[in-house]
1. What do you reckon, is residue A:94 touching a strand residue (DSSP E or B) at 6+ places or on another chain (Cβ under 6 Å) and under 20 Å from residue A:12 (Cα atoms)?
2. Given the options B:154, B:161, B:128, B:192, name the one that is away from chain A (no Cβ under 11 Å), at positive phi and free of Cβ contacts under 8 Å to residues at least 60 places away in the same chain.
3. Tally the residues that are crowded, with 16+ Cβ neighbours inside 10 Å, touching a helix residue (DSSP H, G or I) at 6+ places or on another chain (Cβ under 6 Å) and part of a loop (DSSP other than H, G, I, E, B), restricting the search to the range B:228-259.
4. Any residue at all in the range A:111-131 that is surrounded by fewer than 18 Cβ atoms within 10 Å (Cβ to Cβ) and under 21 Å from residue A:21 (Cβ atoms)?
5. Go through the range A:106-132 residue by residue and tally those that are outside any loop (DSSP other than H, G, I, E, B) and at the interface with chain B (Cβ under 8 Å from one of its Cβ atoms).
6. Can you name every residue in the range A:133-144 that is more than 23 Å from residue B:118 (Cα to Cα) and either touching a residue at least 60 places away in the same chain (Cβ under 8 Å) or in a loop (DSSP other than H, G, I, E, B) (or both)?
7. Tell me, which residue of the range B:57-110 that is assigned to a loop (DSSP other than H, G, I, E, B), away from chain A (no Cβ under 14 Å) and under 23 Å from residue A:115 (Cβ atoms) is nearest to the chain's Cα centre (by Cα)?
8. Test residue B:24 against the criterion of being touching a residue at least 12 places away in the same chain (Cβ under 8 Å) and part of a helix (DSSP H, G or I), and give yes or no.
């Protein structure tokens, strides 16, 4: 009983599991999940076999877009997404870092033309040893993922 | 078969293959030897300079006229509809590209040329976008190196000065890496080559070293590429101390190889002593002249299927 998750099951929606502890609140903020007005259940610092501690987010009546999944994969590459239908896991997939992230973040370069013109931001993603870098298609500058997301 | 640059946008050096850069360099050499006034006959080129750039603009406009073309445009963004009426760059480019056969653009914001290429119906040539790319400068540098060394392969290039903010240095390094050149980077620590560029060199297995002074490499370098260290970035004492290491004079050139040539994107202030101008090593004024031929080559290639 002590190890049982104290987080309520949802009927339909998405469960983001295995989020590294501390990243959950950042994901809530980055994806603006609270503004959805859907029922959200969150767990922070929950016990985890793989991560020791993990965060978990359950969002009712909501599937994630490709752009949101890209953002998630950048900040919680170890996370898994569970699609829930009628209290049952209908689909389950692991995150993978995308080659391109479009329309998800603004370019941190304040002089980049993408800020003032009718185009979506567009970054190519490059994995480095201890970092993920995003290179803006327009200004060609590379930034650490943390700078891009300003988390 | 159409040349590979026909109808292509020229935005950034990493977009160009080694073969394409060689084609531009060889076409520039050909046009320098034998001008062809028919290559841009009946062509109108839009010369859109949203910020001042005397040498780039004048060399483009000279190139257009020498190949028999005409140009429309402006030399200052302040009087355009963008500035006066708030029109987007995207809309401006859509309209201007419907008037002209190609569009040469300089803009103070990074990424402006890439954006323009997405909205233009004709080839866009980047004449400089903020601190990002200035590919035509790189192509004229490549042409100058080819002209004075007879090859682009396997040379030792020493870059001196402000390597942190110098976009010409960044693009030229990217281009020469395709030709197996090796590099020496000579700069104050605070103005060193950015890590993302040296990371790229590491990935490609290109040899480079960071050095303290020009004297350390002068006996082995084929090209010394000088750039200006801006005095305002340092206090006076610090600058005087640095000057000894990063200013080129006759003494610095003791022991130089016969084939050494000195390049500089200009304008020069005091980083190359005037006495160096009279040595056989000085090549920066030929380099500036070559801007016309490199830009002739680009315009001719993007607007002529066969050349």
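Laboratory data are not the source of any read-out in this text; all were calculated from the coordinates shown. Small disclaimer: the values here were computed from a predicted structure and weren't measured. Don't worry about glycine lacking a Cβ; one is built from the backbone with ideal geometry, like all the others, and counts go over all protein chains shown.
1. For residue A:94, the condition - touching a strand residue (DSSP E or B) at 6+ places or on another chain (Cβ under 6 Å) and under 20 Å from residue A:12 (Cα atoms) - is met.
2. Of B:154, B:161, B:128, B:192, the one residue that is away from chain A (no Cβ under 11 Å), at positive phi and free of Cβ contacts under 8 Å to residues at least 60 places away in the same chain is B:154.
3. Going through the range B:228-259 one residue at a time, the tally reaches 1.
4. Among the residues of the range A:111-131, at least one is surrounded by fewer than 18 Cβ atoms within 10 Å (Cβ to Cβ) and under 21 Å from residue A:21 (Cβ atoms), which makes the answer yes.
5. Within the range A:106-132, residues that are outside any loop (DSSP other than H, G, I, E, B) and at the interface with chain B (Cβ under 8 Å from one of its Cβ atoms) number 3.
6. Those that are more than 23 Å from residue B:118 (Cα to Cα) and either touching a residue at least 60 places away in the same chain (Cβ under 8 Å) or in a loop (DSSP other than H, G, I, E, B) (or both): none in the range A:133-144.
7. Across the range B:57-110, the extreme among qualifying residues is B:76.
8. Against the criterion (touching a residue at least 12 places away in the same chain (Cβ under 8 Å) and part of a helix (DSSP H, G or I)), residue B:24 qualifies.
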